[in-house]
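Below: one structure, written as C-alpha cells.
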Amino acid sequence: MDCAVSRYEPGSKERDPAMIEAGALAANGRYADARAVYLWILARNERDAEALFGIARVDAWGGCWAIAEQEYREVLSAHPGDADVRAGYVDLLVWRGRLDEAEETLRRGLAIAPDAAALVARAARFASWRGDVTTAVRLADEAERAAPDDGEVRAMRDRLFLGEARVTAHADFYPPGYQSLYALSGQALQRFGKFEVTAGAELLARYVGADANRAVKDGRYPLSVAYHPALGTTLGLEVAPGAPAQAVPRLSLKAWALSPIVQPVDAFLAYSFWKYDAGGQIVQILNPAIGVDLPREMRVDLRAFLSFVTLPGESAVRDHSAQTRVEGAVGAGWSWNVTPRVLAGVTYTYGAEADAAIALYQLLEYRAHAGAVFVDWLLGRRGGLRPLLGFEYRMPTNIVIWSSEIGAYGRW
C-alpha cells in the first residue's frame, strides 16, 4: 500500500482542533491527509499518545500494517492499560493473520482492565470464531452494558444469536409445458456451546400448468449436527429422509468440514450421498470450495460439484442404461456487508445441477447457467428477511427458468 503523506495542512495551529480534524479526515477515508495532520502534531510532541494512536489506526486502516504495528507497540509500551489502543492492536494482528498473538495480547489486556468494553467485545468475537456462541453472547452483552452507545459493539451483538427459526417460500417458474416447482420449508436451529442442532422440513410440489391433478408432491426432512472443534473450523453431519420421495432422494446423507488455511482464506469440503427409490439410483457428490475474505467486509467463494451417478440395471430415468455417469458444475459467489445489518450477494453456477430437491433426470440431462441475487436484511436483533431472485438458462432445451424466494427468520 502507498503510505505517503499528503501536503495537507491542518486548518488550526492548535493541537486539540487539529486532532479533531485528523479524526474527521480518517473517518472519511482521507488517510494521507489524516496522516499529515497527525505527523504535524507529533512534530511538536513526539510522545503524544493520542496522536500516535490516531496515526496507528490510520496506517492500519490504510493497509500500512508494518508501520502501524510499530506505532501501536510504541503507544502500548508507555500506556499498557489503554484498552482502546490494545483493542486496535488486537484488530491489526487479526488482519495480519496472527491470531495466537492477537489472543495473547487480548488476554494481557483483560488481566489489566477486565471490564473494558473494547476488550470484552474482542473476547466475544474470538469466542464466536471458535463456535462457542453461548460464551460470545454473554461477553457481547457485558460489552454492550459497559458501552451502550458504542455502535461497533451493538452491531456485533446484533449478529449473535443462540437460536433461529426460519420459514422460506420458493418458486421456480418454468415455460408452458414444463413442471413448475413450488417449495415451502421451515427449520429451527439451536446452539449448545460448540454444537449446533438444526431440524427442518421442506415440502415440494411440481405442477404442469394449472392442473393440480398432475402434481408431483414430495417432502424432505433434514436433521443436522455441527461441531466447532477449533478457531474457524466446523464439522457437520446431516441426514434427510424423503417422503413420499417420488422425485427426490428417499435418503440423503451429507458430511462437511470448513477450516481456515491461511488468513484470510478458508477451505470447505462436503460429501453427499443420495439414494432414490425408482430403480435404486445412487448419487454421490464431492463439493470442494475456497473462500476469501476481502477488505471492506466483502467475500468471494469459488466452488465445484462433482457428481457420480450410479444407475443399476435398467434405469427408470428416461432411457439411460449406463451404469455410471459423472457430472460436474463450477460456480462462484460474492457477498458484501453493505451495513452491519444488510448483507447482499450474487451467485453463479454452470454445469449439471446438484440439489437434492431436483428430480434425478434434471441432473443427468441438462447443463445450465444459473445465477441469483440476494439480500439478508436484519430488521432488528430478533429477526429479518432474506429475499432472492434467480434465473436458470438450461441447455440443450434452451429454456429460461425464473426463481423467486422470500425467507423470514426470528432469533433468540
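The values are calculated or read from the model by the stated rules, or taken from the named source; none is laboratory data. Just so we're clear, the structure is a prediction, and the values are computed from it rather than from any experiment. All Cβ positions, even for glycine, are placed from backbone atoms using ideal geometry, and neighbour counts span all protein chains on display.
A few notes on this one:
- The stretch 136-159: number of residues that are out of contact with any Asp or Glu (no Cβ under 9 Å at 6 or more places or on another chain) and either under 30 Å from Ala183 (Cα atoms) or surrounded by fewer than 19 Cβ atoms within 10 Å (Cβ to Cβ) (or both): 12
- Set side by side, the residues Arg57, Arg73 differ, and just one is of a type in the set (Lys, Arg) and crowded, with 22+ Cβ neighbours inside 10 Å, which is Arg57.
- Considering only residues in the stretch 337-361 that are of a type outside the set (A, V, I, L, M) and loosely packed, with under 15 Cβ neighbours inside 10 Å, the one that is modelled with the highest pLDDT turns out to be Tyr348.
- Of all residues in the stretch 201-217, exactly one satisfies the criterion of being modelled with pLDDT of 90 or more and not hydrophobic (A, V, I, L, M, F, W, C), namely Glu202.
- Scope the stretch 131-160; condition touching a Lys or Arg at 6+ places or on another chain (Cβ under 7 Å) and outside any helix (DSSP H, G or I); matching residues: Gly131, Asp132
- Whichever residue in the stretch 240-299 is polar (S, T, N, Q) and free of Cβ contacts under 8 Å to residues at least 40 places away in the same chain and, among such residues, is surrounded by the most Cβ atoms within 10 Å (Cβ to Cβ): Gln246
- The stretch 228-310 holds strands (runs of 3 or more DSSP E) entirely within its bounds, and those carrying 1 or more residues that are of a type in the set (Val, Ile, Thr) and either at pLDDT below 95 or at positive phi (or both) map to 251-262, 265-275, 282-294, 298-310.
- The combined condition, being under 23 Å from Ala123 (Cα atoms), surrounded by 13 or more Cβ atoms within 10 Å (Cβ to Cβ) and without any contact (Cβ under 8 Å) to a residue 60 or more places away in the chain, is not fulfilled by Arg30.
- Index of the failed condition, Leu378 passing every other in (1) surrounded by fewer than 18 Cβ atoms within 10 Å (Cβ to Cβ); (2) touching a helix residue (DSSP H, G or I) at 6+ places or on another chain (Cβ under 8 Å); (3) of a type in the set (A, V, I, L, M, F, W, C): (1)
Residue by residue, here is whether (1) in a helix (DSSP H, G or I); (2) over 31 Å from the mean Cα position of the chain (by Cα) holds:
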{"position": "Arg47", "(1), (2)": "no, yes"}
{"position": "Ala56", "(1), (2)": "yes, no"}
{"position": "Gly63", "(1), (2)": "no, no"}
{"position": "Glu71", "(1), (2)": "yes, yes"}
{"position": "Glu74", "(1), (2)": "yes, yes"}
{"position": "Pro80", "(1), (2)": "no, yes"}
{"position": "Gly88", "(1), (2)": "yes, no"}
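- Filtered by the rule that a residue be closer than 20 Å to Gly242 by Cβ, buried (at least 18 other Cβ atoms within 10 Å of the Cβ) and under 20 Å from the mean Cα position of the chain (by Cα), the stretch 167-205 gives Thr168, Gln187, Thr198.
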